[in-house]
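Working notes, structure below.
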Amino acid sequence: MKKRIVPVLGLAALICLVNTSSEVSVSGHKKQSINVHGMLLDQQGNTKKINNIAIGGKVEKIKVYERLAGENMDQVTKTLKQNPVEYAATATLDLPKEVAEIRVNDPVTWTYKKDDKGRKTKYVEIIVVLKHDPARTEHPYLINTIQKLSCDEISPAGPIEMPDMSWHAVKRLTIEGYSDRDTGTGYECKPIETQTPAGCPVCPTAKKK
C-alpha cells in the first residue's frame, strides 16, 4: 500500500552525516535543481552547516517504509520477520517542502532475509518530523541503507563535498530552507512561532529571499 506524507505543521529541521575518515573535495556534489540547506549533527556530536542535501541522490520522492509492528522486529537479533517492501506502508519524503527534521535515535542495522539462501536487505530506523506541525509529531520509518545521505559542508572557501554517508553516523538532520537553481529564487522556513499565512506558493510558511 502506498501512501504520501502530507505536511502537517512545524519548523525547518534536517541533518546529514559525517565520515571523518574519508577525504573530501571542494568541488561539490552533482547539483540538484533544488538546493536544500540546513544543519547536520553527527553521532560524535559534530555540527556542520550544509547544503546540496540529498538522500539516495534525490530531494523528493524518497521512499521509506512505516515501522513494522513490534512483534515483527526482533529487538535481540535486530532482524525483521516481515519484508517491509511487502508488508509495510510506503511513504515518500519531500525534503524541501515537507520535512523539517530527520533523527536517528538508535543507529543500529535492521536486517531482513527471506530464507537461508536469500540476500539480506538492511535498514535503519529514522524519525521524521514534518513542517507546519507545532506538536512535532514523530513519524518512525525504516530506510534502506543503500539510500545514503549526501551533502556539501558550507565553508568560506566554497562547498566542501562530503563523502556519501551512512545513516548510522547521523544524529539529527535539520532542513532550514532551499533555493531553486533554475529561477534563482530562495526560501527560508521560519520557526513555527513566527509563521504567517503569506509566503511562497510551495511552502506557505516560508520566507522568500
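Read-outs throughout are calculated quantities, based only on the coordinates presented, and are distinct from any laboratory measurement. These figures come from a predicted structure and were not determined experimentally. In this analysis, Cβ positions are derived from the backbone assuming ideal geometry, glycine residues included, and neighbour counts consider all displayed protein chains.
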Fill in the blank from the handout: Of all trypsin sites (Lys or Arg not before Pro) in region 101-156, the ones in DSSP coil with at most 12 other Cβ atoms within 10 Å are K114, K117, R119, K120
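Any chance you could run the full-extension gain for H168 through Q82? It's 0.36 nm times the residue separation minus the Cα-Cα distance, nm to one decimal. Before the final figure, lay out the partial values.
Details: separation 86, 0.36 × 86 = 30.96 nm, distance 2.19 nm.
Additional length available on full extension: 28.8 nm.
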Handout entry: P(r), alpha carbons of region 91-192 - 5 Å bins starting at zero, rounded %
Key = 2, 10, 16, 20, 18, 15, 9, 5, 2, 1, 0
Practice task
Of the listed pairs K58/K120; K78/K113; K58/K81; K63/K120, which have alpha-carbon separations greater than 20 Å here?
Solution key: K58/K120; K58/K81
Exercise for the section: Note down the relative contact order for region 34-208 as a percent, whole number, built from C-alpha pairs under 8 angstrom at least six residues apart. Expected result: 26 percent
Completion exercise
Karplus-derived 3J(HN,Hα) from phi for region 52-69 (6.51 cos²θ - 1.76 cosθ + 1.60, θ = phi - 60°), whole Hz, x at Gly and Pro, runs 6, 6, 8, 10, x, x, 10, 10, 9, 6, 8, 7, 9, 10, 4, 4, 5, 4
Problem - Separation in nanometres of the label points that stand 7 Å from Cα toward Cβ, at K120 and A89 - result: 3.0 nm
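Going by C-beta contacts inside 10 Å, put L142, L41 in order with the fewest on the left.
In order of increasing Cβ crowding within 10 Å: L41, L142.
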Fill in the blank from the handout: Per DSSP, the loop-located GluC sites (Glu not before Pro) within region 99-155 having at most 16 other beta carbons within 10 Å are E138
Exercise for the section: Starting from the Cα of D180, step 7 Å along the direction of its Cβ; do the same at D106; then give the gap between the two resulting points in nm. Expected result: 4.2 nm
Problem - Computed E for K31/T145 - FRET, C-beta separation, R0 30 angstrom, nearest 0.05 - result: 0.75
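What length, rounded to one decimal in nm, is gained on full extension from N72 through to A135, with 0.36 nm per residue of separation minus their alpha-carbon distance?
19.9 nm
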Handout entry: Ratio of the Cα radius of gyration of region 34-208 to 2.2 N^0.38 Å, where N counts its residues
Key = 1.10
